[in-house]
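No lab work stands behind these numbers, since they all come straight from the coordinates. In this text, all values refer to a predicted model and were calculated from it rather than measured experimentally. Here the Cβ is made from the backbone with ideal geometry for all residues, glycine too, and neighbour counts use every protein chain on show.
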Amino acid sequence: MRDLAVLFKGNNLQRLLGGLGVTLELSLVSVALSIVLGLLAGVLMTLKNPVVRAVMRLWLETVRIVPQLVLLFLVYFGMAKTFNLQLSGEAAAVIVFTFWGAGEMGDLVRGAITSIPVHQRESSAALGLTRGQTWRFVLLPQAARRLIPQAINLTTRMIKTTSLVMLIGVVEVLKVGSQIIDAARYDAPQGAVWVYGAVFFLYFFACWPISLAAGWLEKRWA
Amino acid sequence: MDIEFMRRFLPMYVKAAGLTLRLGATGIALSLVVGALCCLARQFRVPVLRRVAGVYIELARNTPLLVQLFFLYFGLPKIGVKLSAETCAIVGLTFLGGAYMAESLRSGLEAVDAIQHESGLSLGLTPMQNMRYVILPQALATAIPSIGANAVFLIKETSVFSAVALADLMYVAKDLIGMYYRTDEALLMLTLAYLALLLPLSIAFSLLERRLRHAGFGGAV
Amino acid sequence: MENVLEIRNLKKSFDGNGVLDGISLSVREGEVIVVVGPSGCGKSTLLRCVNGLEQPDGGEILLDGRPISAGNLVEVRRQIGMVFQSYDLFPHMDVLENLTLGPVKALKRPKAQVEEEARQALARVGLEDKLRALPRQLSGGQKQRVALVRAMMMHPRMLLLDEITAALDPEMVREVLNVVLDLARDGMTMLIVTHEMRFAEAVADRVLFLENGKVVEEGKPADFFHHPKTERARQFLDTFEFAAVKKA
C-alpha cells in the first residue's frame, strides 16, 4: 500500500495523464481520418462493380485477419527497410489505424445503407420525392441512427488498440507507466502493481463513457 | 527476398504458430465458459453474481489486453502473486474474451422470441429444460457468427503476448529483425503465418453462418 | 358436473393500469367458453394468468379444485395446454420433435410410444406427410394445426387458445378452426379468445364479453350474438357488421 505514493510523487501523475493524452490524440486523429475515408469506402462497397467489390473485400478481410500489431510492424519496420522511409512511430500508428479503421468504418456504412428496407425507397418514390430528397429525408436519417452507435464503438476499439504503439517505441501512457516504475525501482519496489493498475483504470475511464454513450444511443434509436 | 533464409527459419515459425494457436484455443475455450457463466448469472438474475458479471464485462471490454497483461505479469509479482508468462497470457485472454463471449451469448438469447419461452413453459418444461431444449439451441445458432468473430479477434490479440516474453509468432519475427536484420523476410513470414492461422477459421465460420441462416434458425419463420 | 377451472375475483394491473378488474368464472368439464371483447379488454391477460405466464395481483385460480401458485406452476402447465397467436413452434426442431418434446421431457413418457401417438394425431389433422418437415416449410394454417396437436400431446385437462387464427390468411382460418371444432365435439374443455364471431357462435357453449377488465355480459351464443342484453355488447357486435355502415 505504501508504494501507492509513487503515483503522486513529483510530476508522475501529470506524466501519466500526458501519456494518456498521446494515446487519445493518436486515436482521435485516426478515428477522424477513418470516418472520412470510411464514409467514402462504404459507398464504394455498395457498388455492384465486381472489380471495386473484390478490392474492397480484400482490404476488409486483410484488416480483419492480420493483427494490428503485425500491421504496425509492417509499416514501421517494413517501410524503413524496403523504401528507406523512416517513419516516426506516431506516423506509422496513424497510417495503420486509419487503414484498419477506414475498412471497418466502410463496412459499417455499407451495413447501415443496405439495412434500410427496399420498401422505404419505394414508398418515398410513391410519395413523389426525388432521389435526392429520398436520401436526405428518408434513407440517410435511418442509416445514421444505425451507424452512429457503431462508429462510437469503433472509437473505443481504436483507443484500446493504441496501447500497441508502445511496442514500436511511441511514448504513450503505458510506456510512461513503465518508465515511472523503472525510475522508482528502489524507492517503491511494489510500484508496478499500482502504476499498471492506474493505467488500467485510466484506459477504463477513457473508454467506458464512450461505450455507455454508444449503448444509450443504440437503445434509444433501436 | 532470401528464400533460403526463410526456409531455414520456417521451423521456428511453425513452433511459434503452435504456441500462438495453443494459447489462443485455450483462451477461447475458457472465454466461452466464463462468458456462459456470466450470461447465465444475468439471465437468471442471480443476486450479487449478476452485478459482479456486469462490472467485470464493463472492465474487460473497456481496457486493452496489453495493459491487462502488464498488470498480471509485471504488477502482481510485486505483491507476491507470481504467474508464469503462459498463465498470464491465458488469464489475460480469458479475462478479455469472457466479456466478449458473454455479450455474444446475451444477444443470442435476446434474439429468441419471447413466445418461444412461453411455448416451452406452457408445455410444462421446467425453466432449465426450457433453456436446454428450446432456448439455447436457437440462441447459439444466432450467436455463432459473433462467437466466430470473437475467436478470430482473440487469436489476433495473442500477438501482444510477445511483450511478456512468450516466444509466439510476433516474438520470433522481432528476434529475426533484431538478430539478422532480415526485416522483409521476417515480416512476410509473420504475415503469412497469421493468414495461415486465421483465414481458414474465418472462412469456416462464414460457411457455418451461411448454413445456419439457410436452416432458418434464430428468427421465427 | 365438476368444475375443471374456477377463477375467483382475478385482478391484474400493469404499471398501475388495471387490465383485469375482478373476473370470476367457472368452467365445467367439456365446456367451451369463448371470450370476446375489444382490443385491450384483458382477454389475453386472462388466459396468460391461467397458465401462470402472468402473476395475478389478486384473486385466485383453481384447477380441479387446487389453487394455482408459484410452487405448482410447472405441474399446472403440464395439465393446461396453450396455443398462441402464431410463431410458437420451435424453429430448430422438425414437426415430430416439436410434438414429442413435452411428453418425453416433461412427462418422461417412453419415446417410441409418444412418437406413435404423434403419428396418429398428425394423421387426424391431415398432416401425416409433414412428420419430418421443419416449421418454416409449413403454411401458417399447417403450423397452427401442429401447434394444436402439440398441446393435445400432453393430454391436458383443458386448452387455452389465444387468437390462434389472428395471423392467418382467411383461407387457412377454416382448416384450423375445423380442428378446434373436432376437439370440442370430442369433449375437450376449452377457454378460447378469438375475433372470429361466426366460429365463436358455432363452437361456444357460453360466451363471455369482456370490456375494461370486467365481464360485461355472459350468455349462450344464440342469445349473445342475436339478442345482446347490454348496449356495449351491441355496439361491439355491430363493428363486425359491414351492413350497418353501408354507403348511405
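With the cut-off at 1.5 for a/c, could you classify chain C from its C-alpha gyration tensor as rounded, prolate or oblate? Cα axes put chain C in the oblate bin. Each label point was placed 7 Å from the Cα along the Cα-to-Cβ direction; for C:ASP238 and C:ASN212 their separation is 1.8 nm. Based on alpha-carbon atoms, the Kirkwood radius and the radius of gyration of the protein assembly as shown give Rg/Rh equal to 1.08. The ranking of A:THR114, C:THR189 by Cβ neighbour count inside 10 Å, starting from the fewest, reads A:THR114, C:THR189.
Using helices alone, what [θ] at 222 nm do you get for chain B, with -39,500 (n - 2.57) per DSSP H run of 4 or more residues, divided over all residues and rounded to the nearest 500?
Dividing the helical sum by the residues of chain B leaves -25500 deg cm²/dmol.
Partner lysines whose Cα lies under 22 Å from the Cα of A:LYS9, excluding those fewer than 8 positions away in the same chain, are identified as A:LYS175, B:LYS78. Available extension along the chain between A:TRP221 and A:ARG53 is 57.5 nm, counting 0.36 nm per residue and deducting the alpha carbon span. Of C:VAL176, C:LEU122, C:ALA106, which is farthest towards the positive pole of segment C:97-248's charge dipole, taken about the Cα centre with +1 and -1 on the beta-carbons of Lys, Arg and Asp, Glu respectively? Most positive-ward Cα: C:ALA106. Our coupling estimate for segment C:223-236, obtained by passing each phi through the Karplus curve with A = 6.51, B = -1.76, C = 1.60 and θ = phi - 60°, is 5, 4, 6, 10, 9, x, 7, 9, 5, 4, 5, 4, 4, 4 Hz, Gly and Pro reported as x. Helix B:49-61 and the long axis of chain B differ in direction by around 40°, with both axes built from C-alpha atoms.
For segment B:9-80, rounded, prolate or oblate, judged on the Cα gyration tensor with a ≥ b ≥ c (square roots of eigenvalues), a/c < 1.5 rounded, else prolate if a/b > b/c? Oblate is the answer for segment B:9-80, as a/c is 1.5 or above yet b/c matches or exceeds a/b. State the Cα centre-to-centre distance between segment A:73-134 and segment B:24-75 in whole Å. For segment A:73-134 versus segment B:24-75, the Cα centre distance is 31 Å. With a Förster radius of 60 Å, plug the Cβ-Cβ distance of A:ALA144 and B:SER84 into 1/(1 + (r/R0)^6) and report the FRET value to the nearest 0.05. My answer for the efficiency is 0.80.
Using a cut-off of 20 Å between Cα atoms, the listed pairs C:LYS111/C:LYS143; C:LYS11/C:LYS43; A:LYS81/B:LYS156; C:LYS43/C:LYS220 include C:LYS111/C:LYS143; A:LYS81/B:LYS156 as exceeding that distance. 3J(HN,Hα) along segment C:70-76: 4, x, 10, 4, 4, 4, 5 Hz, from the Karplus curve 6.51 cos²θ - 1.76 cosθ + 1.60 with θ = phi - 60°, whole Hz, x for Gly and Pro. Distance between the pseudo-spin-label points of C:ALA202 and C:SER26 (7 Å out from Cα toward the beta carbon): 3.1 nm. Given the options C:GLY219, C:GLY22, C:GLY65, state which has the largest fluctuation in a GNM of chain C using a 10 Å cut-off (strictly under) for Cα springs. Highest fluctuation among the options: C:GLY65.
Karplus-based coupling profile of segment C:21-26, in residue order and whole Hz: 10, x, 8, 10, 6, 10, with θ = phi - 60° in 6.51 cos²θ - 1.76 cosθ + 1.60 and x standing for Gly or Pro.
For chain B, the longest principal axis of the C-alpha atoms and the axis of helix B:85-111 are separated by about 30°. May I ask you to list the residues of segment A:28-67 whose amide nitrogen lies under 17 Å from a point 7 Å from Cα along the Cα→beta-carbon direction of A:ILE116? The answer is A:39-48, whose backbone nitrogens lie closer than 17 Å to the label point. Rounded to the nearest 20 debye, the dipole magnitude of segment C:106-216 is 480 debye, with +1 charges on Lys and Arg beta carbons, -1 on Asp and Glu beta carbons, and the Cα centre as origin. About its Cα centre, the dipole of the protein assembly as shown is roughly 1260 debye, where the only charges are +1 on Lys and Arg Cβ and -1 on Asp and Glu Cβ. Using the rule -39500 (n - 2.57) for each DSSP H run of four or more residues, divided by the residues of chain A, the 222 nm mean residue ellipticity is -24000 deg cm²/dmol. Measuring r between the beta carbons of C:LEU181 and C:ASP57 and using R0 = 41 Å, the FRET efficiency lands at 0.70. Computing FRET efficiency as 1/(1 + (r/R0)^6) for A:TYR186 and B:ARG51, where r is the C-beta to C-beta distance and R0 is 60 Å, gives about 0.90. Kirkwood radius and radius of gyration were both taken over the C-alpha atoms of chain B, and their ratio Rg/Rh is 1.07.
If the Kirkwood radius is taken over C-alpha pairs of segment A:59-216, then at 20 °C and 1.002 mPa s the Stokes-Einstein diffusion coefficient equals 113 µm²/s. Computed from label points 7 Å out along Cα-Cβ, the spacing between C:LYS220 and B:TYR181 is 10.8 nm. With everything on Cα atoms, drop me the angle between helix B:169-180 and the longest principal axis of chain B, reported from 0 to 90° to the nearest 10. Once rounded, the angle reads 10 degrees. About its Cα centre, segment A:57-172 has a charge dipole of approximately 360 debye under the convention of +1 per Lys or Arg Cβ and -1 per Asp or Glu Cβ, with nothing else charged.
Electrostatic bookkeeping for C:GLY187 treats Lys and Arg as +1 and Asp and Glu as -1; over the other residues with beta carbon under 14 Å from its beta carbon, the sum is -3.
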